[in-house]
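Pasting a structure below so you can have a look.
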Amino acid sequence: MTPWVIDAKDIDITADNDELKKFRTSLFHTNSQINKFMDHTRHSQFLVVGPKGYGKTLLLKLKRSSFPKSGYMLLPEDALLDKPIGTPYIFALKDVDTLLDDQNYWRCIWLISISLTVLKATKSDIDGLKSLPLRTIFEHNILSSACDIFDRLLALSRKEYFIAYDDFRQSLIPSFRRIHSPVAIFIDNVDEYFEHAISFGNRQATSRSIKKTYWYLAQFGLASAARELNSLNNHVKICASIRQEVFQRDNTADDPLAIQIRGSCVELNYDKHDLIDILKKNILAEPYTNVPETMSVDPYPRFFGRESLHIEHAFTNEDESIEDFFLRHTLWRPRDIAIIGGKLSEIDPKRRTPSKIREIINTQATLIADTYLGESRPHVSNFSEETVFPLISSNVLSFDEITEISRSYDVKINTLRDTPDKENHVFSDLYRLGLLGIVQEEKGTKTLIQHFQSPGQTTLSDVNILPRSKWYLVHPILYDVISRHNATFYEKMDTLNIVGRSRPWRRPSDIFYVIKGDVVKYSEIMLNADTADMFPTYFRELVSDACKPLAHFSLEGGDSLLLIDRNLKNVVAAARAINDTLHASAFKKQLRFGGDAGFIRFSRTQSGQIQDLRGGALRTAARLEHIGLPGEILVTDRVKSSIETSGGQDMFVQLTEVDLPSTRISGGMFNLAKNDAEEPIYHFIYKLKR
């Protein structure tokens, strides 16, 4: 049993196959929607609906395998699923142009195709066919696939179509009603068939008139025809896959037929718990020879290794659970889980270090993004990644920033395409694809949450659906894609928030400023018997007095300070007061300080005291503390960026390799890691002026 299956064709689904049984019991994830579809005794829901990558093909195959071994004729007979192949051979005749935009035309073509296929397979009698194409198809063995017949019928002239439709009403329907032997037919991939044919700009003759609307109409027609034929004869079951976006078109929301059809559909949906279950099941299916901790019953240390249970975020320096890091780099699709997990599985268990796992997940996330953009391109004709991505300078953008980028984009793209004054709504396209998020209040609370649309959740039409938000968030899978077009993209990343679906959003007021300090040449004080006795009490009282305004402060080891507050001025003032007073005292010593900004986790004692402090800013401040000169306060770029909106930039002096020659530097950023064995911690460093 092989885990991390990306394509359903890689699973051998046959009636008595042991591999299939193992897959069903160990790897196959179910939820209420999937269980409804898999129950072949249910007569009301036979269409599986979902976006690309949700496992529709797999479910169709498994549904076919769940039918009784005897008694049912399963179509197609020579394959598991009936799929259209090649490019639609259609629209050569101009006299059908007016029919092509009518959803009833597509419905009727499918009605004829499916009923003719079933009647032919059951060797039923059909009398009085007037249509030569239908009679030829029925009497000869050249065409037996509903999809092949569908393609052939699309090439009928207007006159031939109406003759065929009259035959359907007069001959095919009565014959179809008389079928008494159980038949089930399974149709898949109609979306991909038309997706490949949709073209924009210069069209080849074979796809002269293929429009995006046909992608919708072909699938909506299939769903409508399947529903009608299933209700026409209880012995016949037509099962098919339909893309979720078909039911998100503007004109289907209040369409009575669309509402009725959706009652026959099982709409796939995966929440975080579903995805975690899929991830864990695949991990547990890994052979013990391919995991770093064979004895672990917990899936995560078993597969990732205990050292990789947390991954440090590159821009906030927070530790993120491997589960959250993994899911954040997907579109919450089962396919994405398999893509990333499969590539991680190829790494030798001994080499599954945090840095290697981060590298693989980021690389596969970029692959997912590139593939998804390619799949979506036919549906977002106004979107050009080559034009918009060079304009995006950060992973978090304000409303004013996306407004300005949109204007610049429209000018550039309209000039290229000679479409003056057109509003292209490029960020609306990114939002509808789930690649641009917003910040919104969680229902029933004041908590701010990051929201990203699921693939297929909204219409793929050209209307502007972008909600108003103070902040707009670039999906993590796009980071490397954008950086290919904009080399400075990574220089302006948000250092307060980890961007990801359903994650909390931190306001600037949520961050704490941290300053760590220690007394320079403290050993000289302790080696002198007189000063060694006096200093602890003196210094403790000095610190206590200077730090009264702070949210938290502590003194450790006799000379090591930790100062924390939401107000930068407070911690700087406290640090300055302690340093200046000590320097002017009989001890004549100074302190050196390192500072950072970030989210600090902590708990409180019953008396209200802060304890169990955690956060990347604590470590970064400690690293920075040791490289400064006496009396200096060195801080990271996070401190500077956190107060940019409120002024105060004159207090920062950027340091270079000349100022800190013993600290490793790359691209102007200093590496605060202890050694080469530790992952790099890159920051721009500033000295605070007095």
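Would you please name the residue that is nearest to ASN497 (Cα to Cα), looking only at residues in the stretch 612-636 that are surrounded by 22 or more Cβ atoms within 10 Å (Cβ to Cβ) and among the aliphatic types (A, V, I, L, M)?
Step by step, filter the stretch 612-636, then rank; the result is ALA617.
May I pose another question? Could you check GLU679 against (1) modelled with pLDDT of 90 or more; (2) touching a Pro at 6+ places or on another chain (Cβ under 9 Å) and say which number it fails?
Looking at each condition in turn, GLU679 falls short on (1).
Report, by residue number, each residue of the stretch 502-525 that is among the basic types (Lys, Arg) and surrounded by 15 or more Cβ atoms within 10 Å (Cβ to Cβ).
ARG503, ARG506, LYS516
So that you can scan it fast, the table gives a plain yes or no per residue for (1) within 24 Å of THR488 (Cα to Cα); (2) within 36 Å of the chain's Cα centre (by Cα):
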{"residue": "ASP612", "(1), (2)": "no, yes"}
{"residue": "ARG619", "(1), (2)": "no, yes"}
{"residue": "ARG623", "(1), (2)": "no, yes"}
{"residue": "LEU634", "(1), (2)": "no, no"}
{"residue": "VAL639", "(1), (2)": "yes, yes"}
{"residue": "ILE643", "(1), (2)": "yes, yes"}
{"residue": "VAL658", "(1), (2)": "yes, no"}
{"residue": "ARG664", "(1), (2)": "yes, yes"}
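Whether any residue in the stretch 506-519 is in contact (Cβ under 8 Å) with a residue 60 or more places away in the chain, outside any helix (DSSP H, G or I), touching a Pro at 6+ places or on another chain (Cβ under 8 Å) and not hydrophobic (A, V, I, L, M, F, W, C) is what I want to check. Full working, then the answer.
Just the residues of the stretch 506-519 that are in contact (Cβ under 8 Å) with a residue 60 or more places away in the chain, to begin with: 506, 508, 510-519.
In the following step, the residues that additionally are outside any helix (DSSP H, G or I) were identified as 506, 511-519.
From the residues that got through so far, the ones that are touching a Pro at 6+ places or on another chain (Cβ under 8 Å) too are none.
No, because not a single residue in the stretch 506-519 is in contact (Cβ under 8 Å) with a residue 60 or more places away in the chain, outside any helix (DSSP H, G or I), touching a Pro at 6+ places or on another chain (Cβ under 8 Å) and not hydrophobic (A, V, I, L, M, F, W, C).
Let me ask another. Going through the stretch 136-152 one residue at a time, which ones are more than 46 Å from the chain's Cα centre (by Cα) and part of a helix (DSSP H, G or I)?
Of everything in the stretch 136-152, those that are more than 46 Å from the chain's Cα centre (by Cα) and part of a helix (DSSP H, G or I) turn out to be THR136, PHE138, GLU139.
Report, ordered by the first and then the second residue, all pairs with beta carbons closer than 8 Å, sequence separation of six or more or different chains, a first member in the stretch 263-285 that is touching a residue at least 24 places away in the same chain (Cβ under 8 Å), and a second member that is part of a helix (DSSP H, G or I) and among the hydroxyl-bearing types (Ser, Thr, Tyr).
LYS281/SER26; ILE283/TYR300; LEU284/SER26; ALA285/SER26
Search the stretch 333-358 for residues that are over 14 Å from VAL5 (Cβ atoms) and pair each with any residue that is assigned to a loop (DSSP other than H, G, I, E, B) and not aromatic (Phe, Trp, Tyr) when their beta-carbon atoms are under 6 Å apart and the residues are at least 6 apart or on different chains.
PRO349/VAL291; PRO349/PRO292; ARG352/PRO292; ARG352/GLY305; SER355/GLU679
OK, next. Between PHE168, PHE150, which is surrounded by 17 or more Cβ atoms within 10 Å (Cβ to Cβ), in contact with a Phe, Trp or Tyr (Cβ under 7 Å, 6 or more places away or on another chain) and at pLDDT 95 or above?
Just a single option satisfies the conditions, and that option is PHE150.
So which of PHE599, PHE684 is in contact with a helix residue (DSSP H, G or I) (Cβ under 9 Å, 6 or more places away or on another chain) and either more than 15 Å from ILE564 (Cα to Cα) or among the β-branched types (Val, Ile, Thr) (or both)?
Testing whether each residue is in contact with a helix residue (DSSP H, G or I) (Cβ under 9 Å, 6 or more places away or on another chain) and either more than 15 Å from ILE564 (Cα to Cα) or among the β-branched types (Val, Ile, Thr) (or both) leaves just PHE684.
While we're looking at this one, here's another question. Given the conditions (1) surrounded by fewer than 19 Cβ atoms within 10 Å (Cβ to Cβ); (2) over 22 Å from GLU491 (Cβ atoms), report the number of the one that ASN362 does not fulfil.
Tallying (1) surrounded by fewer than 19 Cβ atoms within 10 Å (Cβ to Cβ); (2) over 22 Å from GLU491 (Cβ atoms), ASN362 fails exactly one: (2).
Can you report the number of residues in the stretch 470-483 which are assigned to a helix (DSSP H, G or I) and either surrounded by fewer than 15 Cβ atoms within 10 Å (Cβ to Cβ) or among the small types (Gly, Ala, Ser) (or both)? Walk me through it before giving the result.
Residues of the stretch 470-483 assigned to a helix (DSSP H, G or I): 476-483.
From the residues that got through so far, the ones that are either surrounded by fewer than 15 Cβ atoms within 10 Å (Cβ to Cβ) or among the small types (Gly, Ala, Ser) (or both) too are 483.
So the count comes out to 1.
Conditions tested, residue by residue: (1) of a type in the set (A, V, I, L, M); (2) surrounded by fewer than 17 Cβ atoms within 10 Å (Cβ to Cβ).
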position	(1), (2)
ALA551	yes, no
SER554	no, yes
ASP559	no, no
ALA577	yes, yes
SER585	no, yes
ALA597	yes, no
SER603	no, yes
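Kindly indicate whether any position in the stretch 675-682 is touching a strand residue (DSSP E or B) at 6+ places or on another chain (Cβ under 6 Å) and under 30 Å from GLU359 (Cα atoms).
yes
Step by step: first the residues of the stretch 328-355, then only those that are closer than 22 Å to HIS313 by Cβ and touching a Phe, Trp or Tyr at 6+ places or on another chain (Cβ under 7 Å), then the one that is surrounded by the fewest Cβ atoms within 10 Å (Cβ to Cβ). Which residue is that?
ARG352
Let me ask something else. For the stretch 291-307, check the following and say yes or no: at least one residue is among the polar types (S, T, N, Q), part of a loop (DSSP other than H, G, I, E, B) and not assigned by TED's automatic domain parsing to the domain that holds PRO349.
No.
Restricting to the stretch 308-331, and then to whatever is touching a residue at least 24 places away in the same chain (Cβ under 8 Å), touching a Pro at 6+ places or on another chain (Cβ under 8 Å) and not in a strand (DSSP E or B), can you tell me which residue is farthest from ASP637 (Cα to Cα)?
LEU331
Somewhere in the stretch 464-479, is a residue in contact with a strand residue (DSSP E or B) (Cβ under 6 Å, 6 or more places away or on another chain) and among the hydrophobic types (A, V, I, L, M, F, W, C)?
yes
Still on this structure: Scanning the stretch 38-65 for residues that are modelled with pLDDT under 90 and surrounded by 15 or more Cβ atoms within 10 Å (Cβ to Cβ), which turns out nearest to the chain's Cα centre (by Cα)?
If we take residues in the stretch 38-65 being modelled with pLDDT under 90 and surrounded by 15 or more Cβ atoms within 10 Å (Cβ to Cβ), then MET38 is nearest to the chain's Cα centre (by Cα).
Condition first: farther than 30 Å from GLU375 by Cα and touching a strand residue (DSSP E or B) at 6+ places or on another chain (Cβ under 9 Å). Now tell me which residues in the stretch 12-57 satisfy that.
Within the stretch 12-57, HIS40, HIS43 meet the criteria.
Mind listing just one residue for me: the one in the stretch 426-469 that is modelled with pLDDT under 95 and at positive phi and, of those, surrounded by the fewest Cβ atoms within 10 Å (Cβ to Cβ)?
Step by step, filter the stretch 426-469, then rank; the result is GLY444.
Residue-wise test of (1) over 17 Å from ALA314 (Cβ atoms); (2) modelled with pLDDT of 80 or more.
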{"residue": "LYS640", "(1), (2)": "yes, yes"}
{"residue": "GLY648", "(1), (2)": "yes, no"}
{"residue": "ARG664", "(1), (2)": "no, yes"}
{"residue": "GLY667", "(1), (2)": "no, yes"}
{"residue": "LEU672", "(1), (2)": "no, yes"}
{"residue": "LYS689", "(1), (2)": "yes, yes"}
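Checking ASP336 against (1) more than 23 Å from ASN290 (Cβ to Cβ); (2) within 12 Å of the chain's Cα centre (by Cα), which single condition isn't satisfied?
(1)
I've got another one for you. Looking at LYS569 and the list (1) under 22 Å from LEU672 (Cα atoms); (2) at pLDDT below 95, which single condition is not satisfied?
(1)
The values are calculated or read from the model by the stated rules, or taken from the named source; none is laboratory data. If you're wondering where the values come from, they're calculated on a predicted model, not measured in any experiment. Here Cβ is always computed from backbone atoms with ideal geometry, including for glycine, and neighbour counts include all displayed protein chains.
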